[in-house]
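The structure under discussion appears below in the form of structure tokens.
Quick note: the coordinates plus some simple rules give every number you see, no bench work behind them. Predicted model only: the values in this text are computed from it and were never measured. With ideal geometry, Cβ positions are generated from the backbone for all residues, glycine too; neighbour counts draw on all protein chains shown.
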Amino acid sequence: MLRKTVPRSGPSWQAPWLPVSSGIFCLCLTFFLGHMGLLQGHPQCLDYGPPFQPHMHLEFCSDYEAFGCCDQSKDHRIAARYWDIMDCFDLKGHEVCGGYIKDILCQECSPYAAHLYDAENPQTPLRNLPGLCSDYCSAFHSNCHSAISLLTNDRRLQGSQGKDGAHFCHLLNLPDKDYCFPNVLRNDHLNHNLGVMAKDQQGCLQLCLTEVANGLRNPVSMVHAGDGTHRFFVAEQVGVVWVYLPDGSRLEQPFLDLKSIVLTTPWIGDERGFLGLAFHPKFRCNQKFYIYYSCLGKKKVEKIRISEMKVSQADPNKADPKSERVILEIDEPASNHNGGQLLFGLDGYMYIFTGDGGQGGDPFGKFGNAQNKSSLLGKVLRIDVNGAGSDSKRYRVPQDNPFVSEPGAHPAVYAFGVRNMWRCAVDRGDPITHQGRGRIFCGDVGQNKFEEIDLIVKGGNYGWRAKEGFECYDKKLCHNASLNDILPIYAYGHAVGKSVTGGFVYRGCESPNLNGLYIFGDFMSGRLMALQEDKKNKKWKKQDICLGSTDTCAFPGLISTYSKFIISFAEDEAGELYFLATSYPSAYAPHGSIYKFVDPSRRAPPGKCKYKPVPVKTRSKRIQFRPIAKTVLNLLKEQAEKAANAASASSPDRVLSQKGSSKKPASRTPSSRKMLRRPGTKKKARMWSPGPQGKRKKGRKTHRGRVAASAQRRRAGRSLP
């Protein structure tokens, strides 16, 4: 059957953190990782990333065109290799061996490819051939053993070519028979939910994180400029804004430093400070951006100030400190409930979200500030910043604002009945249908019982102080027939959390399963949650988001822990979703971090999410990012080493040192791990990165995580923005 053979030489694989002679360690590692679920194969590709749905038809490995690890380009490469191998066979060899060889080659496209090739952990050795079930392997060896040298350059496997098939099949054996080929295709349990977002037994969505930034002082906002540079700007509560570049580095010099003007204190829970940042929709042309912060006015009156600023002409990564133009100031009767959100709607107008003035229960006036349309507190304001208005105002009022013609009402009011909306976002809309585009979602922090998520509508009354969530707060106001309030799309009680942090509707590219989910959290409880819209009955269903599964998040670079106090959410220029959190909620404590959401069940096809950032000149030194959170794989490695050390210490073969003597264990020298190679090639397999695709760093070292400081705070409405 075989016309000719091609000699191959096999690589020698060695895990970089395994000593050469470490039988006990290997045994314990295998047992431990298997016990923890890491060896109980989860869908994963040979580049260590999740599988995906190819966006084009696979002509050769068509069994995996619905979901797997091959795009059209890889499918073509596998087909080309198949025909190269089949050139070595006569007609009978084609008939007998063609199907076997195609099956084996196409396992690189299987959604369980990493398990079939022992590649779930990038720090363990790879197989040259996939794990084959014993019956299938015996039949292949019996009929086509001459093809082994063409399929692999592993000398052990090549050496079994002319021998009994039992030895060859033993080398390809997988401990779990459900995952060997072709059994893995026939297992309904493994295949019926492929590509669907993973859930635990309680229905909690299983997501993972990557750490993006750390060492921040209460990061309250992260925004992009929409200018194609894919920079993001992170504002700290103390009044400093930092620039982060697409490669993950941070510029040493801040974009803006207003510490000397911004009013805040080190007190845990102080809500005052730098609270909001937004870039003009035409920033690329006019270089304008807007800020929202607490300050002291004349006679030390506390104020909210909204200002316009410009970028320095000398440095695109620095604000011009002399360019500040105050647009609006509002006196604050108390130190809490300061609002803080600025954003631009699709209409080009700026939306400003203010708190009700503070204290508790909105005690100001007969109906409170929130229900008083002449007050700017407890409102959603809508203004035009592109020109000056009448009465020396530094903004215009859009003529279609809902209360322009109502006597006594402030014309800038767009919606009212707001307590303290903390973090609002504009929905980008479905990337294909554009459904939902332009909707504004907000989290409104409650008083004593309920937190709520609202959809902002023109002229809407959101009920406060008459209502809190769906229930009455001020019963007299609540039963007023003229209330006509807009109900939340979702509200939860204080058994779940006591201070909502509004989020975003995911519209990014990298995690298709998340599309349309509104993801938000709670500052006090640290819970992450998601709302899914039922378009038929126009209701929203809540699902919890859970992190921490060592099986689900066992991918390179992924973590499953985060700092408890969720301050804000953000999206980058590509639409990927993040949240900002701290372990100690003081404006002066550098314990804040930024995390990016990753769906470990499914990713976008390779190449789909690539972008080319617009180059931006940098004058300041770049500070490379150094993560402090331990990845799931590193945690598993450490636990395996501890188990190995314990087993070694209790082993009867352990050589005891002489009494009184002590020796340090020999240091382990990591060896660089060789990536999977196809026979006859030298090209390394591409490592999947959970970060935005484009110009990114190839690797990052992890460092030991710090011990999170405990934080207790009094809650008066919301004790931190």
Task: Separation of alpha-carbon centers, segment 218-259 and segment 292-365, rounded to whole Å - done: 18 Å
TODO: Name the residues whose placed amide hydrogens come within less than 5 Å of the amide hydrogen of ILE327, ignoring near sequence neighbours (fewer than 5 apart) on the same chain.
DONE: ILE306, SER307, GLU308
- [ ] Just rank HIS434, HIS337, HIS141, fewest to most, by other beta-carbon atoms within 10 angstrom.
- [x] HIS434, HIS141, HIS337
Task: Pairs from LYS373/LYS541; LYS299/LYS458; LYS288/LYS538; LYS475/LYS542; LYS542/LYS564; LYS467/LYS542 whose Cα-Cα separation, in the structure shown, is over 31 Å - done: LYS373/LYS541; LYS299/LYS458; LYS288/LYS538
Open item on the list: Per residue of segment 307-321, what does 6.51 cos²θ - 1.76 cosθ + 1.60 with θ = phi - 60° give for ³J(HN,Hα)? Whole Hz please, x for Gly and Pro, Karplus curve as stated.
Closed with: 10, 9, 9, 10, 7, 4, 6, 7, 8, x, 10, 9, 7, 7, x
Task: Virtual spin-label span in nm between LYS536 and LEU185, 7 Å along Cα→Cβ - done: 3.6 nm
Task: Relative packing of peptides 54-63, 172-181 - highest average C-beta neighbours within 10 Å first - done: 172-181, 54-63
Task: Calculated log₁₀ intensity ratio I(q)/I(0) where the Debye formula runs over C-alpha points of segment 205-623, q = 0.14 Å⁻¹ - done: -1.37
Open item on the list: Only counting other Cβ atoms within 10 Å, I'd like HIS192, HIS76 sorted with the fewest neighbours first.
Closed with: HIS192, HIS76
Task: Anisotropy class of segment 23-191 from Cα gyration tensor, a/c 1.5 cut - done: oblate
Task: Length gained when the stretch CYS285-VAL614 is fully extended (0.36 nm per residue, less Cα-Cα span) - done: 117.0 nm
TODO: Arrange MET421, MET529 by Cβ neighbour counts within 10 Å, fewest through most, would you?
DONE: MET529, MET421
- [ ] Putting +1 on Lys and Arg Cβ atoms and -1 on Asp and Glu Cβ atoms, find which of LEU328, LEU296, LEU277 reaches farthest to the positive end of the dipole of segment 239-335.
- [x] LEU328
Open item on the list: Give the residue list of trypsin sites (Lys or Arg not before Pro) in segment 577-636 that are DSSP loop and have at most 15 other beta-carbon atoms within 10 angstrom.
Closed with: LYS608, LYS610, LYS617, ARG619, LYS621
Open item on the list: Residue by residue through segment 94-106, what is 3J(HN,Hα) from phi via Karplus (6.51 cos²θ - 1.76 cosθ + 1.60, θ = phi - 60°)? Round to whole Hz and write x for glycine and proline.
Closed with: 4, 5, 7, 9, x, x, 4, 5, 4, 4, 5, 5, 6
